[in-house]
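Structure first, commentary second.
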Amino acid sequence: MLRRPIVIVPACVKRIGAHAYHTAQDKYLDAVVTGAGCMPLVLPALGAAVDLEAVLATADGIMLTGSPSNVHPSHYGEDVRDATLPQDAARDATTLPLIRAALKLGIPLIAVCRGFQEMNVALGGSLHQAVQEVDGMRDHREKPKLSLDQQYGPAHRVLLRAGGRLAHMLDGASEIMVNSLHGQGIARLAPGLAVEARADDGLVEAYTVAAATGFTLAVQWHPEWRIAHNPDSMRMFVAFGQACRDYQKQGGA
């Protein structure tokens, strides 16, 4: 009997007191276990010290999580607009090469919020550093004074591409309601990415890698939140988990 597929979850670097920690929020790990039926393995954000060959030889899938931090804009040729917003250079140095290497091997990959943004950047795209300041765009940020349930509650609809991979995962749905907790978003879509969903203001909310040999799905919202209570989120993670099991059965890379 095959073991549970291993899903690599890259960590963020967070300072707690005087010390730096490598952290991953429980809700993402729970989504891997509950939704995908896989075993999460947290990868420390060691940057160039990460042995990518060893990590990818272990991986049956990869999940890129959300985070309070943003991808450093130097990775898409811009300067920082707001120095008060958090950065995580160690995570950037870990995830950007990991994404490119995983896609070459066909390892299943699911990405959420910051992960959605860093995957676009890793493949040559760019970001709006303040979506709410772009003409015609709504304010997609969370309201921190609200309870978590309210912050992660349905905020707006996204329109799914007819016949797209995400629409297929969601039984042919044309639109779904999603939460919204991000200040940045896609400006220039990376070459080779296929838009799967947009918000009413036109902002890209989901994409896949058109030519990828393995499963790919990146979403700007947070499907991991209370995943067992959201049928759309469960369908996404069930599809990801099945792809991880198929990759495992095929012997991986």
Descending semi-axes in Å of the chain, equivalent ellipsoid built from Cα gyration tensor: 25, 22, 18
With a length cut of 15 Å (Cα positions projected on each helix's long axis) and a Kyte-Doolittle mean of at least 0.5, go through the chain and give me the DSSP H helices that pass. 89-105
What would the Debye formula give as log10 I(q)/I(0) at q = 0.30 Å⁻¹ for the alpha-carbon point model of the range 89-128, no solvent? -1.16
Taking the simple approach of a point 7 Å from Cα along Cα-to-Cβ for both His229 and Met137, what is their distance in nm? 3.0
What residue among Gly17, Gly124, Gly136 shows peak mean-square fluctuation when the chain is described by a Gaussian network model with Cα springs under 10 Å? Gly17
Charges at C-beta only: +1 for Lys and Arg, -1 for Asp and Glu. How large is the resulting dipole of the chain about its Cα centre, in Debye rounded to 20? 460
In the full protein assembly as shown, how much of Leu98 is accessible to a 1.4 Å probe, in Å² to the nearest 10? 0
Going residue by residue through the range 211-219, the Karplus relation 6.51 cos²θ - 1.76 cosθ + 1.60 with θ = phi - 60° gives ³J(HN,Hα) values, rounded to whole Hz and with x marking Gly or Pro, of 9, 5, 7, x, 4, 9, 7, 10, 10
Using the Cα atoms of the range 120-237 to build a convex hull, what is its mean projected area in square nanometres? 7.5
For Glu175 and Ala162, extending 7 Å from Cα along the Cα-Cβ vector and measuring point to point gives, in nm, a value of 1.5
So, relative contact order of the chain in percent, Cα under 8 Å, 6 or more apart, is 23
How much length is gained on full extension from Leu146 to Asp30, taking 0.36 nm per residue of separation minus their Cα-Cα distance? 39.4 nm
What trypsin sites (Lys or Arg not before Pro) in the range 1-38 are in a loop by DSSP, with at most 16 other Cβ atoms within 10 Å of the Cβ? Arg3
Entries of Lys104/Lys145; Lys27/Lys143; Lys14/Lys143 with Cα pairs more than 31 Å apart: Lys104/Lys145
1/(1 + (r/R0)^6) with r = Cβ-Cβ of Thr84 and Leu41, R0 = 41 Å, i.e. FRET efficiency to nearest 0.05, evaluates to 0.80
Please give the FRET efficiency for Ala211 paired with Ile16, using the beta carbon to beta carbon distance and R0 = 41 Å, rounded to the nearest 0.05. 0.50
Given a Förster distance of 25 Å, the FRET efficiency implied by the Cβ-Cβ spacing of Ala54 and Val238, rounded to the nearest 0.05, works out to 0.30
Whole-number Å³ per residue for the convex hull built on Cα positions in the range 85-152: 132
Checking Thr84, Thr213, Thr23 against a Gaussian network model of the chain (alpha-carbon springs below 10 Å), the top fluctuating residue turns out to be Thr84
Could you give the accessible area per residue of the chain, probe 1.4 Å, as a whole number in Å²? 46
Would you check the accessible area of Arg81, probe 1.4 Å, heavy atoms only, in square angstrom rounded to 10? 150
Cα-based Rg and Dmax for the range 213-253, where Dmax is the largest Cα-Cα distance (Å): 11.8, 34
Hey, any idea what % of the chain's accessible area is carbon plus sulfur with a 1.4 Å probe? 54
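The values are calculated or read from the model by the stated rules, or taken from the named source; none is laboratory data. Quick caveat, the model's predicted, so the values are computed rather than measured. Quick reminder, even Gly has a Cβ in these numbers, built from the backbone with ideal geometry, and neighbours come from all protein chains shown. Keep in mind that these areas ignore ligands, DNA and RNA; they rest on the heavy atoms of the full protein, side chains included. Shrake-Rupley method; radii C 1.70, N 1.55, O 1.52, S 1.80 Å.
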